[in-house]
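Peer 1: Okay, here's the structure, questions in a sec.
Just so it is clear, none of the values below were taken in a lab; they were calculated from the coordinates. This one's a predicted model, so the numbers in the text were calculated from it and none came from an experiment. All Cβ positions, glycine included, derive from the backbone under ideal geometry; neighbour counts span all protein chains shown.
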Amino acid sequence: MNVQTTRGLRISQKYTDGTNTNEKLWAGACEYITQNGQTTIHTYLSGPEGVFALHVQNPNGSENIRYIHKDHLGSLNTISDENGNPLQELSFDACSVKFGFCDRSETKALVEQIPKEARSREGLPTA
């Protein structure tokens with residue numbers, strides 16, 4: 001079950017996965033994530049260029065910073081820890097779809113329907 005409510009600038013979402021109930025509350029630059037009664041707080045830090053870091057407060061009281069790096073087009077491409085070590089690298093296609101995120105077999109099937117001569121002329125794969 002998925003319930004979403006809006007209260008002013010706050011949005012909350014509650015969903016149940018089997019016996020676990022999870023809740024997310026977005027309030028301004030903060031995101032409160034409650035899973036199994038444990039709340040993690042994400043605070044998005046931003047400046048003139050947009051979001052540049054994420055401050056995470058874990059349920060056990062520990063805190064850390066995750067820095068967000070962008071490519072020359074402004075798309076997110078790397079998330080690093082406070083020491084600059086990369087934690088996650090992201091890659092997107094021309095339509096802002098994350099590579100590896102969706103099944104590309106449908107796109108391949110559509111391209112294969114185009115005659116080989118036209119594919120060659122347009123620079124599409126012919127094999």
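Peer 1: Would you calculate the separation in nanometres between label points at GLN88 and LEU76, each defined as 7 Å from the Cα along the Cα-to-beta-carbon direction?
Peer 2: With each label placed 7 Å out from Cα toward Cβ, I get 0.6 nm.
Peer 1: I'd like the per residue volume of the convex hull spanned by the Cα atoms of region 2-90, given in cubic angstrom.
Peer 2: 138
Peer 1: Using θ = phi - 60° and the Karplus form 6.51 cos²θ - 1.76 cosθ + 1.60, what ³J(HN,Hα) does each residue of region 28-42 get, whole Hz, x for Gly and Pro?
Peer 2: x, 8, 10, 10, 9, 10, 10, 10, 6, x, 9, 9, 10, 10, 10
Peer 1: HN-Hα J couplings of region 61-66 from phi, Karplus 6.51/-1.76/1.60, θ = phi - 60°, integer Hz, Gly and Pro as x?
Peer 2: Result, rounded to whole Hz: x, 6, 9, 8, 10, 10.
Peer 1: Rank these for me by crowding, SER91, SER12, going from fewest to most other beta carbons within 10 Å.
Peer 2: Going from sparsest to densest Cβ surroundings: SER91, SER12.
Peer 1: Just flag the GluC sites (Glu not before Pro) in region 11-98 sitting in loop per DSSP whose Cβ has no more than 14 other Cβ atoms within 10 Å.
Peer 2: GLU49, GLU82
Peer 1: Quick one: if you take sqrt(5λ) for each eigenvalue of the C-alpha gyration tensor of region 37-89, what semi-axes come out, biggest first, whole angstrom?
Peer 2: Taking √(5λ) for each Cα gyration eigenvalue gives 23, 13, 9 Å.
Peer 1: If I take every Cα pair under 8 Å that is 6 or more residues apart in region 2-90, average their sequence separation and divide by the length, what percent do I get for the relative contact order? Kindly include the intermediate steps, with their values, before the conclusion.
Peer 2: Details: 172 pairs, mean separation 11.3, N = 89.
Normalised by residue count, the contact order of region 2-90 is 13 percent.
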